[in-house]
1. Which of the following residues is open to solvent by less than 50 Å² (accessible area, probe 1.4 Å), polar (S, T, N, Q) and not in a strand (DSSP E or B): A:Thr46, A:Thr10?
2. Is region B:135-148 home to any residue that is at pLDDT below 95, aliphatic (A, V, I, L, M) and out of contact with any helix residue (DSSP H, G or I) (no Cβ under 8 Å at 6 or more places or on another chain)?
3. Taking B:Gly88 as the residue in question, decide whether it is out of contact with any Lys or Arg (no Cβ under 9 Å at 6 or more places or on another chain), surrounded by fewer than 24 Cβ atoms within 10 Å (Cβ to Cβ), away from chain A (no Cβ under 14 Å) and not in a strand (DSSP E or B).
4. Would a scan of region B:129-147 turn up a residue that is closer than 28 Å to B:Arg17 by Cα, open to solvent by 10 Å² or more (accessible area, probe 1.4 Å) and β-branched (Val, Ile, Thr)?
5. If I ask for residues that are more than 17 Å from B:Ala156 (Cα to Cα) and of a type in the set (Gly, Ala, Ser), which ones from region B:117-140 would you list?
6. What strands (runs of 3 or more DSSP E), lying completely within region B:309-404, carry at least 1 residues that are open to solvent by less than 30 Å² (accessible area, probe 1.4 Å), at pLDDT 80 or above and closer than 23 Å to B:Leu207 by Cβ?
7. Determine which single condition B:Glu16 fails, assuming it passes every other condition in (1) facing chain A (nearest Cβ under 10 Å); (2) in contact (Cβ under 8 Å) with a residue 12 or more places away in the chain; (3) assigned to a helix (DSSP H, G or I).
8. Please find, within region A:97-125, the residue that is nearest to the chain's Cα centre (by Cα) out of those that are surrounded by fewer than 15 Cβ atoms within 10 Å (Cβ to Cβ) and either of a type in the set (Lys, Arg) or in a helix (DSSP H, G or I) (or both).
Protein chains: 2
Amino acid sequence: MLIVQKYGGTSVANAERINNAACRITDAYRAGNRVIVVVSAQGSMTDSLLEKAREVNPEAGKRELDMLLSTGEQQSAALMAMAIQRLGYSAVSLNAAQVGIESTSLYGNAQIKNVKTKRISHELERGNIVIVTGFQGVNRFDDITTLGRGASDTTAVALAAVFGAGVCEICTDVDGIYTADPRIVTTARKLKEIGYEAMLELTASGLQKPHNRAVEMAKRFGVRLLVRSSFSDAPGTWIKEDSDVEQLSVSGLVVDRDVARVSVTGLADKPGTAFNVFSKLAREGISAGMILQSAVFGEDISFTVRKRDLAKTGEVLEANKENIGYDKLATDENLAKLTVVGAGMASNSGVAAALFEALYDNGVNIHMISTSEIKIQVLVDHREVGKATKAVHDKFELLLESEA
Amino acid sequence: MLIVQKYGGTSVANAERINNAACRITDAYRAGNRVIVVVSAQGSMTDSLLEKAREVNPEAGKRELDMLLSTGEQQSAALMAMAIQRLGYSAVSLNAAQVGIESTSLYGNAQIKNVKTKRISHELERGNIVIVTGFQGVNRFDDITTLGRGASDTTAVALAAVFGAGVCEICTDVDGIYTADPRIVTTARKLKEIGYEAMLELTASGLQKPHNRAVEMAKRFGVRLLVRSSFSDAPGTWIKEDSDVEQLSVSGLVVDRDVARVSVTGLADKPGTAFNVFSKLAREGISAGMILQSAVFGEDISFTVRKRDLAKTGEVLEANKENIGYDKLATDENLAKLTVVGAGMASNSGVAAALFEALYDNGVNIHMISTSEIKIQVLVDHREVGKATKAVHDKFELLLESEA
């Protein structure tokens, strides 16, 4: 089988961890697999390179930033190859130009367009373990691009798709996807598997890893992802097409504290008002999360923004008060967003009811509700988020158990 | 005019120095020149990367070492381009693969075979200042090679040769080539110019900068080098074809303390003895410097080796005592080598006489003498090297003045 393994910055942060990862890589190789490895830059390397750039030019051009940042992954890749060689196996590191990871031209946030297979195939045929730099591509000018933060996951999925890998392992500092953050909810349990859609809702709702774009690409090309620990042998979580078993289950729960609510009341009852509000915000780079505007409350709109965008949001709305036409503006940043994700949510109305019941039973006030096919989001007071998370989790643990 | 400027590790060691170099580069550009810049890795970057490699694999393969080390120059190049952009000029950094600096395959010590001109020409035509990574190439497998330590000078000369540059400026932490080390000889003076041949003798005799191979390449392609300071506007030293003015002058004086003498006495008087000795040493990677064997002293050979090779030299000779056939072996490491270089030395026998006179007048004993077309080398006691250097320098200062 062909396996793609991806090791993030924490997993290659120092010599010991690189050697540890090298052991896992050679384990997979010794088991008879061909192995392609994708690595990120070491730990805080990217940040320290950005600091170096800031010192010479606080407004450094993005082409040169990419030229600079891409060295981080190249160093990791070379070091990983050396560590594997030390264990007595053949390994070769390749950067994006050597592989032929062709990207769009947008420096700093390019997208992979095509991955050439010739060089990697050649190295695999020679029996080499191939180490590829994550996070980077080459555009049509032969210039180095980067794919945006966290995009080493995307590199790994792209390689897995092109080479038809049996699995793309995302090796990281957690050992799988949990039903909730185990630091908050002691009863949180690790999922054996989760569907692409549900996973996408979790990442869109605040879960950092694996990277959103990588999951989207995995879904599109049917790449089976396995999120697992770089440091332990604990079984990870599979991300793949929804299976029957999980159809009716609640998959997970994510808390996002970086949220503020904005309420605009007494809006003029004319077409295009909502568009007017959000297009003005979009022009300032502010995107709204949850948006609530019902027929019943037609004259009011509530929505969430990131905390850092709150002040600017206020400025934009104040400056356009006449043009938009509204009465009052209210904001609240003492909130947190709780997202419950699961494949069977839309077809199982009991889930939403159970959620609200759990919060009510525990005296947690709901400030805003938003639902979709596979998720329910509520805003609660930020001081009650721990209680709310535990209550909801316990509730659905029961549900899950009763289904089993 | 097209100018190539090369900045070494000390000259790009931190943000301040990069900004300083950027000012010099844009000065040259503003004066109406097209400018190609070659940069080394920052300060101790290469050493710290080697340390990282050693941590994961003390015997890391050279291909991967080159992959790792080449990131140092890429970082410098990107940072330099950013610093130039901050001053309001267009700059673009290019690595060896992007330029097309084609090298032999020997990782760690490759040689430049060819430099493609297309990309750099294109960038120059667009009005860009072009920053190129020194010290590296790409071999026929598309793999990154390095050209050996100090080889950024060679990259600069190669680019100057290919693009027919009017000058290749080696910008460094000294402001030119001196008649002797100014730290030892207070009266040392900076040369306005020196011929390629004389310069090669100086570098072969222990002078570190500019790099020996770079001077050889400059000579071969007739590239005019200017060694100057990265930090001051002091006029530097031109290295070019010998001019009439300097034909009869002593150009400089170099001290090399890394020298030990080996004397083998009572050698069998048969053909091939010298070959026998030196081929056995060469097989162990030991090369002899000065070698003395005259018809008069036919049964004895004296030669110098690097101090670190002395023990091994003794072992090899002892082990082959029967085979070589000699009586006694004596070594002395309390010596230093003084080299006087000048274009007119061979045709001006007075130079050697003046040298010996100066040493005699100052009570410095000569342990060994070797001469060539353009140099005279003597071994003296290492404790007397300061006195000897000053004596010789003062002597030739007089000569030089009397010629002026």
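1. On the way: A:Thr10 fails: open to solvent by less than 50 Å² (accessible area, probe 1.4 Å).
Exactly one residue qualifies, and that residue is A:Thr46.
2. Taking every residue of region B:135-148 in turn, none turns out to be at pLDDT below 95, aliphatic (A, V, I, L, M) and out of contact with any helix residue (DSSP H, G or I) (no Cβ under 8 Å at 6 or more places or on another chain).
3. On the way: out of contact with any Lys or Arg (no Cβ under 9 Å at 6 or more places or on another chain): yes; surrounded by fewer than 24 Cβ atoms within 10 Å (Cβ to Cβ): yes; away from chain A (no Cβ under 14 Å): no; not in a strand (DSSP E or B): yes.
Spelling it out, it is not the case that B:Gly88 is out of contact with any Lys or Arg (no Cβ under 9 Å at 6 or more places or on another chain), surrounded by fewer than 24 Cβ atoms within 10 Å (Cβ to Cβ), away from chain A (no Cβ under 14 Å) and not in a strand (DSSP E or B).
4. In the first step, residues of region B:129-147 are kept if they are closer than 28 Å to B:Arg17 by Cα; the result is B:129-137, B:144-147.
Going one step further and asking which of them are open to solvent by 10 Å² or more (accessible area, probe 1.4 Å), we end up with B:135, B:144.
With β-branched (Val, Ile, Thr) added as a condition, the list becomes B:144.
Looking for residues that are closer than 28 Å to B:Arg17 by Cα, open to solvent by 10 Å² or more (accessible area, probe 1.4 Å) and β-branched (Val, Ile, Thr), one finds at least one in region B:129-147, hence yes.
5. B:Gly127 - this is the single residue of region B:117-140 that is more than 17 Å from B:Ala156 (Cα to Cα) and of a type in the set (Gly, Ala, Ser).
6. Working: elements: B:328-332, B:335-341, B:366-372, B:375-381.
In region B:309-404, B:335-341, B:366-372, B:375-381 are the strands (runs of 3 or more DSSP E) which contain 1 or more residues that are open to solvent by less than 30 Å² (accessible area, probe 1.4 Å), at pLDDT 80 or above and closer than 23 Å to B:Leu207 by Cβ.
7. Unmet for B:Glu16, out of (1) facing chain A (nearest Cβ under 10 Å); (2) in contact (Cβ under 8 Å) with a residue 12 or more places away in the chain; (3) assigned to a helix (DSSP H, G or I): (2).
8. Selected residue: A:Lys113.
The values are calculated or read from the model by the stated rules, or taken from the named source; none is laboratory data. From a predicted model like this one, the values you see are computed outputs, not experimental measurements. Backbone-built Cβ (ideal geometry, glycine too); neighbour counts: all protein chains shown. These accessible areas exclude ligands, DNA and RNA; they are computed on the full protein's heavy atoms, side chains included. Shrake-Rupley method; radii C 1.70, N 1.55, O 1.52, S 1.80 Å.
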